[in-house]
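Engineer: I'd like to ask you about the structure that follows.
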């Protein structure tokens, strides 16, 4: 639906306010297109050249372990975290977690943060997540769950191991509804610090120094997406713009639908990335789609229109 602003009741100032308010309704979690498997029988060699991060294997013989469920209870959504350091810049091809999935339909949210201190006394990320994903098509797993990325879903993590700097993973169920219970993350419970370059933080936010979950992060030779290239053709062109226009102000499931910024929503940021990397002219290009507000904002617009009408009648 397109609103003709010239024929509306809104002033220019009101239109600017409405667009600002509409921005607040944008979705914030990407729905990545990935391959999820149970790699329990085929775990990679921790010393393999592609394994960039390996914490430990909590299932090793002789280890005492415990687990915490990724769930939502009457106390709220349970966020579980693990920090780590990365000694090289990599394109991430696979993440393997010591996660026993029992109810795959509940889905998994994964947020990746930069942290200034991987061993801080409490969970203290540096600002907003740098990546966010929602994995809705999971499978039942026994001890481990693998998330493999390919094509435009490959993403880059920069080297981050200066001093105490690093990254933090944060996990929660995707439903965020009371009673959701995706499954359990397994960690060591033997009083030993199994992974010195990171820490485990349960939902309370306090560091548990002698616990670490099992985690592999594996690099890939595949390139992360070329800025502005929606369809993966290696060329930034009008075909990429068309995909952005087709999904503008919509929640989407992959880069191929126009989500260049990997936030799960196609908006001005995605268009701007395309525009900054497109070398051609926009003189003859139809950009009317940029004026279309998202559906969640339309009801707000109509409510405001009704209010303004009442105010005018009362004068």
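The values are calculated or read from the model by the stated rules, or taken from the named source; none is laboratory data. Predicted model only: the values in this text are computed from it and were never measured. Don't worry about glycine lacking a Cβ; one is built from the backbone with ideal geometry, like all the others, and counts go over all protein chains shown.
Engineer: Only one residue in 277, 262 is in contact with a strand residue (DSSP E or B) (Cβ under 8 Å, 6 or more places away or on another chain), at pLDDT 65 or above and surrounded by 13 or more Cβ atoms within 10 Å (Cβ to Cβ). Which one? Please lay out each step first, then the result.
Structural biologist: Values: 277 fails: in contact with a strand residue (DSSP E or B) (Cβ under 8 Å, 6 or more places away or on another chain).
After applying the criteria, what remains is 262.
Engineer: Please enumerate the residues belonging to segment 200-229 that are at positive phi and in contact with a helix residue (DSSP H, G or I) (Cβ under 9 Å, 6 or more places away or on another chain). Spell out how you get there, then give the answer.
Structural biologist: Filtering segment 200-229 for residues at positive phi gives 205, 228.
228 - this is the single residue of segment 200-229 that is at positive phi and in contact with a helix residue (DSSP H, G or I) (Cβ under 9 Å, 6 or more places away or on another chain).
Engineer: While we're looking at this one, here's another question. Within the bounds of segment 213-224, is there any residue that is surrounded by 16 or more Cβ atoms within 10 Å (Cβ to Cβ), modelled with pLDDT of 95 or more and not in a strand (DSSP E or B)?
Structural biologist: yes
Engineer: If residue 232 meets every condition in (1) surrounded by fewer than 17 Cβ atoms within 10 Å (Cβ to Cβ); (2) touching a helix residue (DSSP H, G or I) at 6+ places or on another chain (Cβ under 6 Å); (3) not in a loop (DSSP other than H, G, I, E, B) apart from one, which number is that one?
Structural biologist: Evaluating residue 232 over (1) surrounded by fewer than 17 Cβ atoms within 10 Å (Cβ to Cβ); (2) touching a helix residue (DSSP H, G or I) at 6+ places or on another chain (Cβ under 6 Å); (3) not in a loop (DSSP other than H, G, I, E, B) leaves (3) as the failure.
Engineer: Taking segment 141-156 only, how many residues are in a strand (DSSP E or B) and at pLDDT 95 or above? Even if it seems obvious, please write down each step before you answer.
Structural biologist: First, pick out the residues of segment 141-156 that are in a strand (DSSP E or B): 145-148, 155-156.
Filter once more, keeping what is at pLDDT 95 or above: 145-146.
Of the residues in that region, 2 qualify.
Engineer: Can you find a residue in segment 238-245 that is at negative phi, in contact (Cβ under 8 Å) with a residue 40 or more places away in the chain, crowded, with 19+ Cβ neighbours inside 10 Å and not in a helix (DSSP H, G or I)?
Structural biologist: No, because not a single residue in segment 238-245 is at negative phi, in contact (Cβ under 8 Å) with a residue 40 or more places away in the chain, crowded, with 19+ Cβ neighbours inside 10 Å and not in a helix (DSSP H, G or I).
To keep it simple, each residue is scored yes or no on (1) more than 20 Å from residue 171 (Cβ to Cβ); (2) touching a strand residue (DSSP E or B) at 6+ places or on another chain (Cβ under 9 Å).
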site: 36; (1), (2): no, yes
site: 41; (1), (2): yes, no
site: 47; (1), (2): yes, yes
site: 51; (1), (2): yes, yes
site: 54; (1), (2): no, yes
site: 58; (1), (2): no, yes
site: 66; (1), (2): no, yes
site: 73; (1), (2): no, yes
site: 78; (1), (2): no, yes
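Engineer: Related question: Tally time: how many residues in segment 159-188 are outside any strand (DSSP E or B), modelled with pLDDT of 95 or more and at negative phi?
Structural biologist: To start, the set of residues in segment 159-188 that are outside any strand (DSSP E or B) comprises 159, 161-165, 174-180.
Narrowing the set further to residues that are modelled with pLDDT of 95 or more leaves 159, 161-165.
Okay, now just the ones that are also at negative phi, so 159, 161-162, 164-165.
Here the count works out to 5.
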